[in-house]
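The values are calculated or read from the model by the stated rules, or taken from the named source; none is laboratory data. Keep in mind the model is a prediction, meaning the values are calculated, not measured. Counting neighbours? That spans all protein chains shown, and the Cβs are built from the backbone with ideal geometry, glycine included. Surface accessibility is based on the protein's heavy atoms, side chains included, excluding ligands, DNA and RNA. Shrake-Rupley method; radii C 1.70, N 1.55, O 1.52, S 1.80 Å.
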Amino acid sequence: MRGAPAGSGDIYWEGDFPELLNGNDFETWKKRAEEAARQCAASEAAVDVLSNAGRRLTVHPGTAPQGTTLTGDTVESDQGKRLLGKVRGKCAKTEGAGTAWIWVEDHSGLFHFPMPFADMSLAAKTDALADLLGPVLGEYVHVAGIIVSNAARRRLPLPLDEDALRPAAQGFRRGLPLDRVRETIVIPRRIILPDQTNLIARMCHAEAASLDWALGRLGVPGGVTSLLADSSTPRRVSPLWTP
């Protein structure tokens, strides 16, 4: 979880944490924040720390007044580190296999409440993961793209389909039978294999309807709904059941 950068003297922080950063960028930002804390404590004047995306975190002298807030994405967390390590591990294992797409079903907790990432918009999540994982494409030239997906969240009624087409990635949110919500972020290498990227995008786009389509091909009318027990049908209560 994120913590305020360390400093000396009676100071407090206010403003926006930076966008989701990879390890090297986070260390650079952290050093700048620590230097700002030292300057503020020595000069007793506010000092700004700007991220690459222009997000401003300000360190002030004195005690934080009531209502002071810190906002922003999760910059560095155990979940982010685990996800990055998992992706890098899969990239390394596929180096001898030619061109590869890396698909990760994320169970690190990054998409779960109360992580700040979980409460971000789909577009913000897409940008954040592109910032975090995009540099990995430069480290492993055989990787055509990285896909991060999670379907742990339950919600009824299911949400409407949502797409987020961003400069460096695409995000998809789909409600799946019966009560699952899948979020999938596709981070392609920009100058290679557009046909493969489009195929993966179509797969994500159509996922919500894929089970009904498959059941229809098998001759099951009505799709998933037809397989569910009618709630109006009386149920036999087992003598072993204790409410």
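Looking at (1) open to solvent by less than 10 Å² (accessible area, probe 1.4 Å); (2) in a strand (DSSP E or B); (3) at pLDDT below 90, can you tell me which one residue 185 breaks? Only one criterion is unmet by residue 185, namely (3).
Selection of segment 138-165 for residues being open to solvent by less than 80 Å² (accessible area, probe 1.4 Å), in contact with a helix residue (DSSP H, G or I) (Cβ under 8 Å, 6 or more places away or on another chain) and within 20 Å of residue 96 (Cα to Cα) yields 140, 142, 143, 144, 145, 146, 147. Here segment 166-182 is the region considered, the condition is being part of a loop (DSSP other than H, G, I, E, B), open to solvent by less than 50 Å² (accessible area, probe 1.4 Å) and in contact with a helix residue (DSSP H, G or I) (Cβ under 6 Å, 6 or more places away or on another chain), and the residue that is modelled with the highest pLDDT is 169.
Scoring residue 111 on the criteria (1) open to solvent by 30 Å² or more (accessible area, probe 1.4 Å); (2) modelled with pLDDT of 75 or more; (3) in a loop (DSSP other than H, G, I, E, B) leaves a single failure, condition (1). Given the criteria among the acidic types (Asp, Glu), modelled with pLDDT of 80 or more and over 23 Å from residue 118 (Cα atoms), does residue 34 qualify? So residue 34 fits the description; yes. When 124, 128, 45, 64 are checked against the criterion of being at pLDDT 85 or above, part of a loop (DSSP other than H, G, I, E, B) and either out of contact with any Pro (no Cβ under 9 Å at 6 or more places or on another chain) or open to solvent by 20 Å² or more (accessible area, probe 1.4 Å) (or both), 45 stands alone in meeting it. Scanning segment 196-215 for residues that are free of Cβ contacts under 8 Å to residues at least 12 places away in the same chain and open to solvent by 70 Å² or more (accessible area, probe 1.4 Å), we see that the one that is farthest from residue 145 (Cα to Cα) is 213. Of the residues making up segment 21-42, at least one is part of a loop (DSSP other than H, G, I, E, B), open to solvent by less than 30 Å² (accessible area, probe 1.4 Å) and aliphatic (A, V, I, L, M). Being on the phi < 0 side of the Ramachandran plot and either open to solvent by less than 50 Å² (accessible area, probe 1.4 Å) or at pLDDT 95 or above (or both) is a property that residue 191 lacks. The residues in segment 226-237 that are modelled with pLDDT of 80 or more and either loosely packed, with under 10 Cβ neighbours inside 10 Å or basic (Lys, Arg) (or both) can be counted, and the count is 0.
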